[in-house]
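J.: First the structure, which I've put down as structure tokens, then a few questions once you've had a look.
The values are calculated or read from the model by the stated rules, or taken from the named source; none is laboratory data. The model shown is predicted, which means the values in this text are computed figures rather than measured ones. Cβ sites come from the backbone with ideal geometry, for glycine too, and all protein chains shown count toward neighbours.
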Amino acid sequence: MVFYRSITPIKNVVTQLPTLKIEKSTANEKSKTIAVDLPLIYQPPLESIVSRALLLFYPNDQQSAFLPEFRWFYRSWIEMMKNESTLWRTDIIVYANEYTSVFKQLGCVYERIRLDRKENAQCRVFPYIRIKDRSSKHKMSSQYQIIDQQRSQRMYQYLRGYGYIDSINTVFEFNSTFLMYDHVLRTDMDCFLTENFARYIPYNNSVLVGHGGYSTEFNSNRLKRIARDMDWKYADKNGLGSTWYGSPSIIYHMSDYTIQAMLHLVRNEFTTPEREHKLGVMLWPEWHFGVLLLYGGHLAINHIIANENLRILLASKLLDQGVTSKDQTDIKKNLRLHLHCWHGDDPFSKFHFKAGRYKAIDPSKLISDTSASGYAMRMALESNAMTLDELRQNLLSIKK
């Protein structure tokens, strides 16, 4: 039987609030007349039991590109858990084409949801067939998958050439794998969890959204017009990223609306040359098919905020932080929870790492480096130097 999530009342944790206050929210929902700054995250009481899931899509057919990223994310997961309460559990959930030897060597369990709040943290793999590989009569690949056949066929028809559709569709189709957790983090693999992630969670029934670097005056106005065409509401929020942290039910809801928006956009707002990637980055940053997922999320989040008044907040200083800062105090003093590799050549650069340009760096010399750049570099280099079995043994060494 799936366990039920426990909700910690906000009144029990008021004294534990951090001083970080960077979002506007409504203090009095009845009158809606007083706008005040409210914190986005808090440290729950020491006796709190917290369960979290990290949602990842892993394309097995692109393993040479994505295995290095999965290894360093896995390594940062272990590092984060060293600082976690003994009562917390944070699982990695991977949706992948196959249960390959990589996952087996890392100790990932297959087709097993969390049933016990006390079970040790696990990497959990669930089988998923990518949109591009589906047929018109596609069937479930997992007992925990729920497929909307009509939508699946429409995605195959219109979005099978868009490589990022699976990263959001897995959240929509596999909600039964994560709705039992208190909080989930939907994230890419080219990311790192920090020590702060081990201690801070969003308020119950809220979602924090990271930063997306796509917004310009042109596409903001265009997306607002598109929302009117769709008869959707619009909350005038911009720069919304694809990293979401918080309520699993709201994140599932967001994934549903995001796919709806992507299907509308691909059919009505992009030409055939754009959909076939023939223009490259010619129209970036004004209007670019490559960030269709971000445009879809933009429309979905704006509509949900304005239409349903759910607490979805931009956490642009907590999530999706860069990995090039040399400031030794930045991660700790600003409560950075999650680092993301942006495009660029400054260290840490995921492109330079994959090209082998950091091989001469000794990761042991970076242990005292608490900058984003140094932390990301150490996690990546250590994950590369370890065998998969050694990474697994590091996980097993965490006793709770």
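J.: Would you point out which residue out of 168, 201, 113 is within 19 Å of residue 301 (Cβ to Cβ) and either modelled with pLDDT of 95 or more or acidic (Asp, Glu) (or both)?
T.: Numbers: 201 fails: within 19 Å of residue 301 (Cβ to Cβ); 113 fails: within 19 Å of residue 301 (Cβ to Cβ).
168 is the lone residue from the list that is within 19 Å of residue 301 (Cβ to Cβ) and either modelled with pLDDT of 95 or more or acidic (Asp, Glu) (or both).
J.: Let me ask something else about it. Anything in the range 159-179 that is touching a helix residue (DSSP H, G or I) at 6+ places or on another chain (Cβ under 7 Å), farther than 20 Å from residue 260 by Cα and surrounded by 24 or more Cβ atoms within 10 Å (Cβ to Cβ)? List them, or say none.
T.: Hit for the range 159-179 is 178, nothing else.
J.: Which residues, taken from the range 142-176, are polar (S, T, N, Q) and either in contact with a strand residue (DSSP E or B) (Cβ under 6 Å, 6 or more places away or on another chain) or under 19 Å from residue 294 (Cα atoms) (or both)?
T.: 142, 167, 169, 170, listed by residue number.
J.: Could you say whether any residue in the range 46-56 is modelled with pLDDT under 95, closer than 20 Å to residue 337 by Cα, assigned to a loop (DSSP other than H, G, I, E, B) and not charged (D, E, K, R)?
T.: Within the range 46-56 (the criterion being modelled with pLDDT under 95, closer than 20 Å to residue 337 by Cα, assigned to a loop (DSSP other than H, G, I, E, B) and not charged (D, E, K, R)), the answer is yes, since at least one residue qualifies.
So that you can scan it fast, the table gives a plain yes or no per residue for (1) more than 19 Å from residue 61 (Cα to Cα); (2) hydroxyl-bearing (Ser, Thr, Tyr):
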{"site": "119", "(1), (2)": "yes, no"}
{"site": "130", "(1), (2)": "no, no"}
{"site": "133", "(1), (2)": "no, no"}
{"site": "140", "(1), (2)": "yes, no"}
{"site": "145", "(1), (2)": "yes, no"}
{"site": "152", "(1), (2)": "yes, yes"}
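J.: Additional query: Any residue in the range 192-212 that is in a strand (DSSP E or B), over 14 Å from the mean Cα position of the chain (by Cα), more than 21 Å from residue 341 (Cβ to Cβ) and polar (S, T, N, Q)?
T.: Looking for residues that are in a strand (DSSP E or B), over 14 Å from the mean Cα position of the chain (by Cα), more than 21 Å from residue 341 (Cβ to Cβ) and polar (S, T, N, Q), one finds at least one in the range 192-212, hence yes.
J.: Separate question: Does the range 180-197 contain at least one residue that is under 21 Å from residue 97 (Cβ atoms), crowded, with 23+ Cβ neighbours inside 10 Å and of a type in the set (S, T, N, Q)?
T.: yes
J.: Pairs please, first residue from the range 162-174 and under 15 Å from residue 265 (Cα atoms), second anywhere and of a type in the set (Val, Ile, Thr), Cβ atoms under 7 Å, 6+ apart in sequence or on different chains.
T.: 165/131
J.: A further question follows. Determine if the range 368-389 includes at least one residue that is farther than 27 Å from residue 108 by Cα, exposed (fewer than 13 other Cβ atoms within 10 Å of the Cβ) and out of contact with any Phe, Trp or Tyr (no Cβ under 7 Å at 6 or more places or on another chain).
T.: Yes - at least one qualifying residue is present in the range 368-389.
J.: Restricted to the range 315-363, and to residues that are assigned to a helix (DSSP H, G or I) and in contact (Cβ under 8 Å) with a residue 12 or more places away in the chain, which residue is surrounded by the fewest Cβ atoms within 10 Å (Cβ to Cβ)?
T.: Taking the candidates together, the pick is 332.
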